[in-house]
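Bear in mind that the values in this text are calculations on the coordinates, not laboratory data. Just so it is clear, the structure is predicted and the values come from calculations on it, not from any experiment. Using ideal geometry, Cβ is built from the backbone for each residue, glycine included, and neighbour counts are taken over all protein chains shown.
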Amino acid sequence: MSKNDVDFERPIIELEQKIEELRGLGDPALEDRIDRMAEQLRELRAEIYARLDPWQKTLVARHPRRPYTLDYVAGLMTDFVELHGDRRFADDRSIVAGFAVFRGRPVAVIGHQKGRQTREKIERNFGMPRPEGYRKALRVMQMAEKFGRPVLTFIDTPGAYPGIDAEERGQAEAIATNLREMARLRVPVLVTVTGEGGSGGALAIGVGNRVNMLEFAIYSVISPEGCASILWRDAAKAPEMARALRLTAPDLLKLGVIDEVIPEPPGAAHADPARAIELVGEVLERQLAELEQLGPEELVEDRYRRFRRIGRFTEVA
């Protein structure tokens, strides 16, 4: 196992290695045995991933081989033109933003990008945006509205960057402004949580007519570790907090926070990124077709009503 693998995947990885070793022998007499082991592997994946607890799903959501925004762009879109900078301070590379063509439709694309290798992770600040990242995203959204293009956002961030420099440049104000401005965009907005949906860092590009989550993504006001540290002063209680936070896709669908759970391939998105990307594309294409039937004012009203439906309350005299 590599350092990126999670413990509960150990039986899967060991069986995969055995299959590869047998294939490497190139012996035709082993084909039947390999086929049986491949079927055993499929069953094992299905069994393990059917019983993951919220903490294990959190680890899957953070898996470094899951597709990131640029993978979805490459797999689903053509003619992508990335735009840089917020025209105020700098270009934040933790946010990717630009225009592309999605299955015949010109769209705006915005999403978090964590980075794969150490150098890229540092350049992209591990997917944690500073204010200029959110202002860049807003600039592209406003351009999309001007030219009548739907907005597709892809969320995968631990949260907004909490550094002093970000606070000095107005982190909270940038997030709040995006929430307000996204709420009144007069074009369709589709949001997909592909990995981690962390707090305001996610919400700043998360106000959409439709909010989707991949099957093993998470979406929460705080990380399990952060919650455990605040409540118990012990980050080791993170698995317990993961259960309490109700941060998994099925929980959030039941609560009305999201609109649709997008299934992942057997073994999750990191096991078959191409298929995971294809499944996301199918959902986005269908939802875009539905929203294109609405006029600009109807889109704003639809988005308003969508978020007003979240939560439960009781009025008392």
Exercise. Roughly speaking, what is the centre-to-centre gap between segment 181-243 and segment 1-79 when only Cα atoms are used, to the nearest Å?
Worked result: 26 Å
Problem set entry | Size descriptor, Kirkwood hydrodynamic radius, that averages inverse alpha-carbon separations across segment 1-89, Å | 16.6 Å
Exercise. Within the P(r) computed for segment 104-183, what percentage of the Cα pairs occupies the region above 20 Å?
Worked result: 36 percent
Exercise. Roughly what angle does helix 273-291 make with the longest principal axis of the chain, taking Cα atoms, 0 to 90 degrees, to the nearest 10?
Worked result: 30 degrees
Seminar exercise, completed: Here the tail fraction of P(r) beyond 26 Å, over all Cα-Cα pairs of the chain, rounds in percent to 49 percent
Exercise. So how do H84, H270, H112 line up by other beta-carbon neighbours within 10 Å, fewest first?
Worked result: H84, H270, H112
Seminar exercise, completed: Cα-based Rg then Dmax for segment 1-159, in Å, read 20.7, 66
Problem set entry | In sequence order, calculated HN-Hα J values of segment 158-167 (Karplus, 6.51, -1.76, 1.60; Hz; x Gly/Pro) | x, x, 5, 5, x, x, 4, 4, 5, 5
Exercise. If you rank D71, D234, D92 by fewest surrounding Cβ atoms within 10 Å, what's the result?
Worked result: D234, D71, D92
Exercise. Given just the C-alpha atoms of segment 109-261, how large is their convex hull per residue in cubic angstrom?
Worked result: 121 Å³
Seminar exercise, completed: Scoring the chain by relative contact order with C-alpha pairs under 8 Å, at least six apart, yields a percentage of 16 percent
Problem set entry | Relative frequency of Cα-Cα separations exceeding 14 Å in segment 7-51, percent | 51 percent
Exercise. Straight-line reach from K136: which lysines have a Cα under 16 Å away, not including same-chain ones fewer than 8 places off?
Worked result: K146
For this session: Give me S223, S229 ranked fewest to most by other Cβ atoms within 10 Å of their Cβ, as a rough exposure proxy.
Result: S229, S223
